[in-house]
Amino acid sequence: MDVQKKSFDYIIYDLWRDPPGCRNAGPVPLHDGPRLAPRAASGQSSGQSEGARPVIRRPAGETQHALIAAAVVVTLAASGGAFVATRETALAALDQELADRLTVTRYAVVSEIERYRYLPSVVGQDARILRLLDRGDARAADEANAYLQTVRDLSHVDELFLLDTSGRTVATSNWNTPDSFLGQVYAFRPYFREALTRGEGRYYAVGVTTGKPGYFLSVRIGSEAHPLGVAVVKIEMTSLEATWVRANEAVGLADGLGIVFLAGRRDWRYRPLHQLSDAAVAQLVAERRYEGLGVATSAPLVEGGRLVAGGERLRLAGLGLEPDGWQVLAAAPEAPATATAWLVAAMTALGGALLSGAGLFWRQRRQIVRMRLEQADVLERRVAERTEDLAREVEERRRAEEELRRTHESLVHAAKLAVLGRMSSTIVHEVSQPLSALDNTLAAAELHLAAGAQAKAEKSLASARGLLRRMQEMVRSLKRFGARTRPEPAAPVSVAAALDTALEVLAPRLRELAVPVMADLPADLPPVAGNPGQLQQVLTNLVLNAAEATAGAGGTAPVTLSAEVGGGRLTLILADRGPGIPEELRDKVFEPFFTTRVTGEGLGLGLAIVRTILDHMGAGFSFRARPGGGTLTVLELPLFAPRDGGQP
């Protein structure tokens, strides 16, 4: 403000000394309007300085009124321009915010669905399911029902059920509940028809049996020419909606007909965005998609391009979600943007009024005010331009920082959702091996009890309890990993003890493969830093992979383990005589769901989990070609080094 005042004073002083149009031009006529002329009085010498004080002529009243009117017009125009510019800027920022929310919401929806997309295919390949579709007897039905119930409990889906080629339910996970699907015919559902014709189907609807909404994923069992049936998984997505409601998020999900079926606002649910056509209503009735909810008679949400709900008019944005033809919706009120624009317009008008008043005040004091106002107008324009430039710079920087913050939060949230999306598959994969060992151990205990060998039976039961404890520890570790909690402090772990436990779990499988395991480990190996259960998990996966690779290559050579210590690390080398890993696949094998097995066994998660555990331990992990054929798996484990107080 001081700089502006000094600049203004300098301009006035310069004009006072030598007004525009008067420099080197001699005397200025007195009748020439509000111009400045040197004073010519008798008694003064003709040699008076050219910088003498000028005579001030007052302007006519009409000129003053015209200037006042012009000031009012300029102020109103500036206020109107400020209002339009500010509102457009605020609405652009609001649109960007809606786009970011759409992206985050889309990631959440896709992650929720993709967690279970594999499940119908896995269920459809089970021998119990195929046996039921082939024979159809009561025993096969009981086995299939029990299997579906177990898979449902482990995967935490809503329900799993099996349809024959006529659409009738022949097995279901809720077989023993009052609202069981058994015997129900769902041939009218699109997910059944699409699975038979295209191989798989996807469909969201309210259950006609339970009245609970859900997302149905279906897969055909058998070939297109000779279908055996359809496996269906029902996913309950209300937990995602509950998250939106708790966060008071104005977001939603609409189906291909434009009907909102999930929303963070309760008054959006089961209402169409636009008026439904007769064909759409007929389709809803035929599919019984939202039966009994009165969707066809509900008032549309969108009026005049704005979403109207709860007495509010909201700005609406949408993003397509394929292959279902859905729309992800996000809305926000425009009122704050309009209020901000009015505030800026009022401040602009107030500033214009103050500047105009100050100009008139100075003009009334001296006739030179016209020139001063001209210079003040120039100065005002420069200040306004610079102020607008600064305002734009500040707004751009604020928007850039806000966009960077939102992008960072979106990436963190997306990464966490991706990890949580793998949780169910991880549990199924990692618990399967101990469950197999547990089954064998309990079978041995039954044989011992039948033979009267009480001591051996007790030993087998103790081993089974140990396997259960290891599974519990494994699941807790995976839950902690998925929740991104602070990791537990590293503890000293005996590699030999962890290997013994892993071999105990794998003993039945190793006998089946006829591949022995020979461990040549020094007796005085120092402990490594890590978690015992996780190290057992790593060794179980790697030893099993090596044994299966050796057996798959038709060999019976033993899998050998050796160890050496040096440089603060314990290097564990596992050697097999399998077919080896091609150079171009050595990085790809660590990707989730990638597998080189052509038989369909496994989920392709083992090495991805091993890599994650070893990264958390700070350990190295690599594959090398073994001379003479096979693979060398090299682990470089950090040694446990306790600090003062016993902590590493």
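Considering only protein heavy atoms, what per residue accessible area in square angstrom results for segment 116-236 with a 1.4 angstrom probe?
Per-residue value: 43 Å².
How many angstrom lie between the C-alpha centres of segment 111-127 and segment 347-376?
Computed from Cα coordinates, the inter-centre distance equals 77 Å.
Given a 1.4 angstrom probe, I'd like the percentage of the accessible area of segment 544-590 that is carbon and sulfur, rounded to a whole number.
On segment 544-590, the fraction of accessible area on carbon and sulfur atoms equals 50 percent.
Among rounded, prolate and oblate, which fits segment 116-236 when a ≥ b ≥ c are the square roots of the eigenvalues of its C-alpha gyration tensor, a/c under 1.5 means rounded, and a/b larger than b/c means prolate?
rounded
Tell me which residues come under 5 Å, amide H to amide H, from Arg569 once H is placed; ignore anything under 5 positions away on its chain.
Leu639
Could you please put His448, His226 in sequence from largest to smallest accessible area, using a 1.4 Å probe?
Heavy-atom accessible area, descending, gives His226, His448.
About the Cα centre, and with charges only on the beta carbon of Lys, Arg (+1) and Asp, Glu (-1), how big is the dipole of segment 488-638? Nearest 20 debye, please.
So the magnitude is around 240 debye.
When the accessible area of segment 116-236 is computed with all protein chains present and a 1.4 Å probe, what percentage of it is carbon and sulfur?
So the carbon and sulfur contribution to the accessible surface is 50 percent.
Before I look further, what does segment 488-638 give for accessible area per residue, probe 1.4 Å, in whole square angstrom?
Value for segment 488-638: 46 Å² per residue.
The values are calculated or read from the model by the stated rules, or taken from the named source; none is laboratory data. None of the values given here were measured: they were computed from a predicted structure. Methodologically, a virtual Cβ is constructed for each residue, glycine included, from the backbone with ideal geometry; neighbour enumeration extends over all protein chains shown. For the accessible areas, the whole protein counts, side chains as well, though only heavy atoms, and no ligand, DNA or RNA atoms are used. Shrake-Rupley method; radii C 1.70, N 1.55, O 1.52, S 1.80 Å.
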